[in-house]
Amino acid sequence: MKHDELGKWGEAYALNYLLQLGYILQTKNYRFNRMEIDLIMTEGQQLVMIEVKTRHSAEFGEPWRAVNYGKQKQIIRVANYYTKAIQWPHEVRFDVVSIVHNSNHTDLTHIQNAFYPRA
């Protein structure tokens, strides 16, 4: 799979995984300016902003490590815009789904509360 195809595949794989856990999809690939949140879902009363990172291998580090401080700031900006737009009254959580997928195996790691907005 090419890089873009792998990313789309990973988002679909993560979505199916989360739906099986009982999460409810609100929207996919939500954009604000040039920034994006891959999946926005609810779990109970929480709105969950989910970044999905998919790689062919973890040779250079687990995919979740790519969600650095700069990426977190972007996700938080988009989340702020989205929650104001829909007037979300409850808690917001930031998760990362990290997937390593190749012809030999698929490993998924779901990190709840992967990061928090900083003041």
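The values are calculated or read from the model by the stated rules, or taken from the named source; none is laboratory data. Everything numeric in this text was worked out from a predicted model, so none of it was measured. FYI the Cβ positions are ideal-geometry reconstructions off the backbone, even for glycines, and counts take in every protein chain you see.
One residue stands out in the range 29-45 among those that are polar (S, T, N, Q) and farther than 21 Å from Lys71 by Cβ: the one that is modelled with the lowest pLDDT, namely Gln45.
Here is a yes/no grid of residues against (1) part of a loop (DSSP other than H, G, I, E, B); (2) β-branched (Val, Ile, Thr):
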position: Val52; (1), (2): no, yes
position: Gly70; (1), (2): no, no
position: Lys73; (1), (2): no, no
position: Ala79; (1), (2): no, no
position: Pro89; (1), (2): yes, no
position: Asp95; (1), (2): no, no
position: Ile99; (1), (2): no, yes
position: Pro117; (1), (2): yes, no
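Apart from one condition, Val67 fits all of (1) more than 15 Å from the chain's Cα centre (by Cα); (2) among the β-branched types (Val, Ile, Thr); (3) within 21 Å of His101 (Cβ to Cβ); the exception is (1).
Restricting attention to the range 89-103, and to residues there that are modelled with pLDDT of 95 or more and of a type outside the set (A, V, I, L, M), which single residue is farthest from Glu51 (Cα to Cα)? Among those residues, the one meeting the criterion is Arg93.
Specify which of the listed residues (Ile86, Ile75, Ile99) is among the β-branched types (Val, Ile, Thr) and more than 16 Å from Glu11 (Cβ to Cβ). Result: Ile86 is the single residue among Ile86, Ile75, Ile99 that is among the β-branched types (Val, Ile, Thr) and more than 16 Å from Glu11 (Cβ to Cβ).
This table checks each residue for (1) touching a Phe, Trp or Tyr at 6+ places or on another chain (Cβ under 7 Å); (2) loosely packed, with under 15 Cβ neighbours inside 10 Å; (3) more than 16 Å from Ile111 (Cα to Cα).
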{"residue": "Arg31", "(1), (2), (3)": "no, yes, yes"}
{"residue": "Lys53", "(1), (2), (3)": "yes, no, no"}
{"residue": "Ser57", "(1), (2), (3)": "no, yes, yes"}
{"residue": "Gly61", "(1), (2), (3)": "no, yes, no"}
{"residue": "Arg65", "(1), (2), (3)": "no, yes, no"}
{"residue": "Gly70", "(1), (2), (3)": "no, yes, yes"}
{"residue": "Lys73", "(1), (2), (3)": "no, yes, yes"}
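Scanning the range 1-28 for residues that are at pLDDT 95 or above, touching a helix residue (DSSP H, G or I) at 6+ places or on another chain (Cβ under 8 Å) and closer than 26 Å to Asn102 by Cβ yields a single hit, Lys28.
For the range 2-20, a residue qualifies if it is free of Cβ contacts under 8 Å to residues at least 12 places away in the same chain and out of contact with any Leu (no Cβ under 9 Å at 6 or more places or on another chain), and the qualifying residues are Lys2, His3, Asp4, Glu5, Lys8, Ala12, Asn16, Gln20.
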